[in-house]
Amino acid sequence: MAQAFPHFHKLQYATLSKQINLKDFDCGDSDLNDFIKNDALGYQLKYLANTTCIFFDNKPIGFYSLAADALNLESSGKDSVGKNLRTYPAIKLARMALDKTHQGAGLGTLITEIIKGFAVDLNQKGIAIRFITVDAYLQKVGFYAKCGFIANHAPKKSHTVSMRYDIFR
Ligand SMILES: CC(C)(COP(=O)(O)OP(=O)(O)OC[C@H]1O[C@@H](n2cnc3c(N)ncnc32)[C@H](O)[C@@H]1OP(=O)(O)O)[C@@H](O)C(=O)NCCC(=O)NCCS
């Protein structure tokens, strides 16, 4: 079990807006830095992915972007659900990154737990959600595996691995 982020009660959350100053944010990955600084707001304005920023001491230290998803499963995955559907309802964790200063302290795990909670919440509100999905960078597959995600198919030639978390497990 990952360590619990020690300052979780001091975190604040806000929907991404142009008022949030992300100039100093650096997660160590240039694509994700570029996404949050230049692209995320555009996705949000077009209702394609909504981004939540996480603050500590009034500084943005991380973000996650979510969208609705429809998951294709191979037959073994369908068998474990017990219903044969073309696609299965899901929330996609489209992007997630933490500033380098706050990595490795349990915050990534906390965010995945928060998103699992959203799925439970939506089910209680009458919208079925069975899975959380993510396209994990190859070098982050171990992190998502620790958070309970499994790969959706055998490795393919790609820099990401499609993974799912089953909220009914
Ligand atoms: C990936 C990221 C979100 C993980 O969040 P984090 O807060 O650093 O991770 P946690 O501290 O919650 O780690 C939880 C567990 O996963 C492990 N872990 C973290 N990164 C890992 C990796 N790349 N491979 C294997 N295990 C990893 C941790 O060691 C920890 O293990 P433990 O339970 O045995 O202590 C964060 O490091 C980050 O923002 N990285 C840069 C951006 C990025 O790559 N985003 C993901 C794109 S798919």
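Residues that are more than 13 Å from the ligand (Cβ to nearest atom) and in a loop (DSSP other than H, G, I, E, B) within the range 129-167 comprise 129, 130, 152, 153, 154, 155, 156, 157, 167, listed in sequence order. Is it true that residue 127 is surrounded by 20 or more Cβ atoms within 10 Å (Cβ to Cβ) and over 23 Å from residue 6 (Cα atoms)? No: the conditions fail for residue 127. The residue list 44, 19 contains one member that is touching a Ser or Thr at 6+ places or on another chain (Cβ under 8 Å) and not small (Gly, Ala, Ser), which is 44.
Taking the criterion of being outside any loop (DSSP other than H, G, I, E, B) and either more than 6 Å from the ligand (Cβ to nearest atom) or in contact with a Phe, Trp or Tyr (Cβ under 6 Å, 6 or more places away or on another chain) (or both), the residues of the range 94-107 that qualify are 94, 95, 96, 100, 101, 102, 107.
All conditions but one from (1) touching a residue at least 12 places away in the same chain (Cβ under 8 Å); (2) over 12 Å from the mean Cα position of the chain (by Cα); (3) more than 12 Å from the ligand (Cβ to nearest atom); (4) farther than 24 Å from residue 3 by Cβ apply to residue 91; the one that does not is (2).
Restricting attention to the range 34-80, the residues that are outside any loop (DSSP other than H, G, I, E, B), surrounded by 14 or more Cβ atoms within 10 Å (Cβ to Cβ) and touching a residue at least 60 places away in the same chain (Cβ under 8 Å) total 5. The combined condition, being modelled with pLDDT of 95 or more, more than 16 Å from the ligand (Cβ to nearest atom), more than 15 Å from the chain's Cα centre (by Cα) and of a type outside the set (Phe, Trp, Tyr), is not fulfilled by residue 31.
The values are calculated or read from the model by the stated rules, or taken from the named source; none is laboratory data. In this text the structure is predicted, and so the values were computed from the model without any measurement. Glycine gets a Cβ as well: all are built from the backbone with ideal geometry, and neighbour counts include every protein chain shown.
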